Amino acid sequence: RKEVEQDPGPFNVPEGATVAFNCTYSNSASQSFFWYRQDCRKEPKLLMSVYSSGNEDGRFTAQLNRASQYISLLIRDSKLSDSATYLCVVNPGYSTLTFGKGTMLLVSP
Amino acid sequence: GAGVSQTPSNKVTEKGKYVELRCDPISGHTALYWYRQSLGQGPEFLIYFQGTGAADDSGLPNDRFFAVRPEGSVSTLKIQRTERGDSAVYLCASSSGPETGTQYFGPGTRLLVL
């Protein structure tokens, strides 16, 4: 089983739609969790951290379920500029990060 | 302010050659990381430096790969006897300390081994 698993997509949605991505991780000792965004041929950039209590940043909401080892990202009112690959990222308890393969989102007019 | 920079941005080499990839982290960042990203995959950890020392090199695939950070700032990833399977984007990231999950990535070096 891979350490971090994501549906690679692509998810094709119209502008204004709500879309949700999910991710599972295998290491129950993992300490912290993140969503990174990566545009085509660009470097990954931190989108948001993920907490058990859930956290929201504008149109983006992230949620962590430690019992199920499951992380989610919800994007409301999708914009064309949201088109990118979304990487689920886990800190397994030491200083490195473990990345999923990413989920591609394509938002169309 | 200046972000993480990497040179060269692209490198084409022949199988069996030696290459060096350079990373200049954000000023003051003590932690530096190297990752490798193949097409359709997420970044894969290679090595992590805290200061001048390699704190974790468990991701280096074999002894052809080596990295240094002699003065605790700039780092060089060195690949000997390159193979076609080494072709990938090599990403460098830095952070202000080992406990932060916020790593700032450079634009990467695209390595193509012919």
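The values are calculated or read from the model by the stated rules, or taken from the named source; none is laboratory data. It should be emphasised that the depicted structure is a prediction, and the values quoted were computed from it without experimental measurement. Neighbour counts are summed over all protein chains in view; Cβ atoms, including those assigned to glycine, are modelled from backbone coordinates with ideal geometry.
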Those residues of the stretch B:52-69 which are surrounded by fewer than 13 Cβ atoms within 10 Å (Cβ to Cβ) and either within 18 Å of B:Pro25 (Cα to Cα) or touching a Gly at 6+ places or on another chain (Cβ under 8 Å) (or both), in sequence order: B:Gly53
Selection count where residues are at pLDDT 95 or above and of a type in the set (Phe, Trp, Tyr), scope the stretch A:39-62: 1
Residue within the stretch B:5-24 that is closer than 25 Å to A:Glu3 by Cβ, facing chain A (nearest Cβ under 9 Å) and either hydrophobic (A, V, I, L, M, F, W, C) or in contact with a strand residue (DSSP E or B) (Cβ under 8 Å, 6 or more places away or on another chain) (or both) present: no
Test result for B:Val113, in contact with a Gly (Cβ under 9 Å, 6 or more places away or on another chain), more than 16 Å from B:His29 (Cβ to Cβ), surrounded by 15 or more Cβ atoms within 10 Å (Cβ to Cβ) and more than 9 Å from every other protein chain (Cβ to nearest Cβ): yes
The stretch A:64-84: number of residues that are on the phi < 0 side of the Ramachandran plot and touching a residue at least 60 places away in the same chain (Cβ under 8 Å): 3
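Based on this model, can you work out whether B:Arg84 counts as within 14 Å of another protein chain (Cβ to nearest Cβ), basic (Lys, Arg) and either closer than 19 Å to A:Phe99 by Cα or over 13 Å from the mean Cα position of the chain (by Cα) (or both)? Spell out how you get there, then give the answer.
Values: within 14 Å of another protein chain (Cβ to nearest Cβ): no; basic (Lys, Arg): yes; either closer than 19 Å to A:Phe99 by Cα or over 13 Å from the mean Cα position of the chain (by Cα) (or both): yes.
Considered against the rule, which asks whether it is within 14 Å of another protein chain (Cβ to nearest Cβ), basic (Lys, Arg) and either closer than 19 Å to A:Phe99 by Cα or over 13 Å from the mean Cα position of the chain (by Cα) (or both), B:Arg84 comes out as no.
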Matching strands (runs of 3 or more DSSP E) fully within the stretch B:12-114 where at least 3 residues are under 26 Å from A:Pro8 (Cα atoms): B:31-37, B:44-50, B:88-95, B:109-113
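More than 30 Å from B:Tyr48 (Cβ to Cβ), under 15 Å from the mean Cα position of the chain (by Cα), more than 11 Å from every other protein chain (Cβ to nearest Cβ) and free of Cβ contacts under 8 Å to residues at least 24 places away in the same chain: which single residue out of A:Thr61, A:Thr18 fits that description? It would help to see each step written out before you state the result.
Values: A:Thr18 fails: free of Cβ contacts under 8 Å to residues at least 24 places away in the same chain.
Exactly one of A:Thr61, A:Thr18 is more than 30 Å from B:Tyr48 (Cβ to Cβ), under 15 Å from the mean Cα position of the chain (by Cα), more than 11 Å from every other protein chain (Cβ to nearest Cβ) and free of Cβ contacts under 8 Å to residues at least 24 places away in the same chain, namely A:Thr61.
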Residue list for the stretch A:1-29, filter: assigned to a loop (DSSP other than H, G, I, E, B) and under 15 Å from A:Ala62 (Cβ atoms): A:Thr18
Extreme residue, nearest to A:Arg37 (Cα to Cα), among residues of the stretch B:40-65 that are among the polar types (S, T, N, Q) and at the interface with chain A (Cβ under 9 Å from one of its Cβ atoms): B:Gln41
Filter result for the condition that a residue is within 14 Å of chain B (Cβ to nearest Cβ) and surrounded by 14 or more Cβ atoms within 10 Å (Cβ to Cβ), over A:Arg37, A:Arg41: A:Arg37
Subset of the stretch A:47-102 (residues that are in contact with a Pro (Cβ under 6 Å, 6 or more places away or on another chain) and more than 22 Å from B:Ser94 (Cβ to Cβ)): A:Lys101
